[in-house]
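Report on the following structure.
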Amino acid sequence: MASPAAGTASGAAPETAGDAARRRVTGPVRAAARPRAGTERTYGRLTEQIMEYFAQVGDTDVRARDVAVALGRATDSGSINAVRSTLDRLVGTSRVRRSGRGLYRAG
């Protein structure tokens, strides 16, 4: 008479549909992301670059596109939206002011 585990190589109980579904939902276990030795942390770098830019331009109204171009970033909508969203976070923390529709000024 064959045992229920006869069809498995390891002798473990066969996997059920529920086990497979749980594995798909939770995914594999991954190690925490840590910077590798000798690499520089890039998180927050855009914020630092924008603040340096505003320190240089002084009391001038600028658009997100102007900031993106000055920082040497691509001028596609994704890059400009990343700059715009960072500017909006800086407005929320009072580090930059909104001086008009789509215009930003050093805070």
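The values are calculated or read from the model by the stated rules, or taken from the named source; none is laboratory data. No experiment lies behind these values; they were computed from the predicted model shown. Positions of Cβ are generated from backbone atoms using ideal geometry, with glycine treated the same way; all protein chains shown enter the neighbour counts. Surface accessibility is based on the protein's heavy atoms, side chains included, excluding ligands, DNA and RNA. Shrake-Rupley method; radii C 1.70, N 1.55, O 1.52, S 1.80 Å.
Descriptive notes on the structure:
- Selection within the stretch 54-66 - in a helix (DSSP H, G or I) and open to solvent by less than 20 Å² (accessible area, probe 1.4 Å): Phe54, Ala64
- In the stretch 33-49 there is no residue that is surrounded by 10 or more Cβ atoms within 10 Å (Cβ to Cβ), basic (Lys, Arg) and at pLDDT below 80.
- Residue pairs meeting the criteria (Cβ under 7 Å; at least 6 apart or on separate chains; first in a helix (DSSP H, G or I), in the stretch 90-101; second not β-branched (Val, Ile, Thr)): Val91/Arg97; Val91/Arg98
- If you go through the stretch 67-89 and keep only what is open to solvent by less than 70 Å² (accessible area, probe 1.4 Å) and in a helix (DSSP H, G or I), you end up with Val67, Ala68, Ala70, Gly78, Ser79, Ile80, Ala82, Val83, Ser85, Thr86, Leu87, Asp88.
- Inter-residue pairs, beta-carbon under 7 Å, first within 10 Å of Tyr104 (Cα to Cα) and in the stretch 44-64, second assigned to a helix (DSSP H, G or I) and among the charged types (D, E, K, R), 6+ apart: Ala64/Arg84
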